[in-house]
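Single-structure report; data block below.
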Amino acid sequence: YMNVEYHFGQVNDSVIENIIITDVVPPVAGEYPSYNCNLLGSGYHLATYKDKNYDAYWVGEEWPMIKNGIGWWDVTNGDWHYGNKPFVFGHEYQIRVYVQTDDGYEFYTTGKYNVPAGTAKVNGNAANMEMESMANREQEVRYTFTCQQAAVSEVVVSGIDVPVAGNAPDYTALV
C-alpha cells in the first residue's frame, strides 16, 4: 500500500489565538542579523510598515533597526542592534517580530484593554507578546537568544613543504 501525507500548516479562524514564528536564525558571534522568518497559520503577516517610524524624531524616515517587520534588541547594551554590526559573543539579543492581521481577522485579547491573551512561539519556544497600539490588529512578539560562538567545522592548512633530510623545516603555511 502507499501512504500519502500533506501538511497544510495551522489554520486559524477569524480570531487568531496563536502566533507561530519559525526559521529565525539565532545570533552567532561575528555574524550579522537575519531579518527573515516564516509565519505559520493564516490571517496575519509581517508588519513591514514598521520599517518606517512615525514618531516626532523619525517622521517618514527609514528606521534602520527594523527591516521586513523584524528588529533585534541588544539586551546586554540596552539598545537596538543595527544590521551593519556583527553579533557579540555572550550578549543577549531579543528578536522583535511585528505582525498584523489581514482584513477580517483579529488577535485574541482580553477585551477590556485589548491586552494580548493568545500565545506566541519562536522556533518552537514560548515567546512574549507585547501590546501594540491596536492589540487586536497588531502584536509584537519577543524572544531572547544568547549569542553563541561560531562552530568551526573545518580547518585547512596548506603551503607547507614536505620535509627533506638536511633542509631546514618550513614554518610558513596558509590557514
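Here MET134 fulfils each of the conditions (1) touching a strand residue (DSSP E or B) at 6+ places or on another chain (Cβ under 8 Å); (2) surrounded by 13 or more Cβ atoms within 10 Å (Cβ to Cβ); (3) among the aliphatic types (A, V, I, L, M); (4) not in a strand (DSSP E or B) apart from (1). Please specify each residue of the stretch 75-116 satisfying the condition of being open to solvent by less than 40 Å² (accessible area, probe 1.4 Å) and aliphatic (A, V, I, L, M). Passing the criteria: ILE95, VAL97, VAL99.
Taken as a whole, the structure places ASN84 among residues that are on the phi < 0 side of the Ramachandran plot, among the polar types (S, T, N, Q) and at pLDDT below 90.
Taken over the stretch 48-79, residues that are touching a strand residue (DSSP E or B) at 6+ places or on another chain (Cβ under 8 Å) and modelled with pLDDT of 90 or more amount to 10.
Residues in the stretch 29-45 that are under 12 Å from the mean Cα position of the chain (by Cα), surrounded by 14 or more Cβ atoms within 10 Å (Cβ to Cβ) and not in a loop (DSSP other than H, G, I, E, B): LEU39 only. For VAL115, the conditions (1) modelled with pLDDT of 85 or more; (2) under 30 Å from SER14 (Cβ atoms) are fulfilled apart from (1).
The values are calculated or read from the model by the stated rules, or taken from the named source; none is laboratory data. Everything numeric here is computed off the predicted structure, so don't read it as measured data. Cβ coordinates were reconstructed from backbone atoms using ideal geometry, including for glycine residues, and neighbour counts include every protein chain displayed. Ligands, DNA and RNA are excluded from the accessible area calculation, which covers all protein heavy atoms including side chains. Shrake-Rupley method; radii C 1.70, N 1.55, O 1.52, S 1.80 Å.
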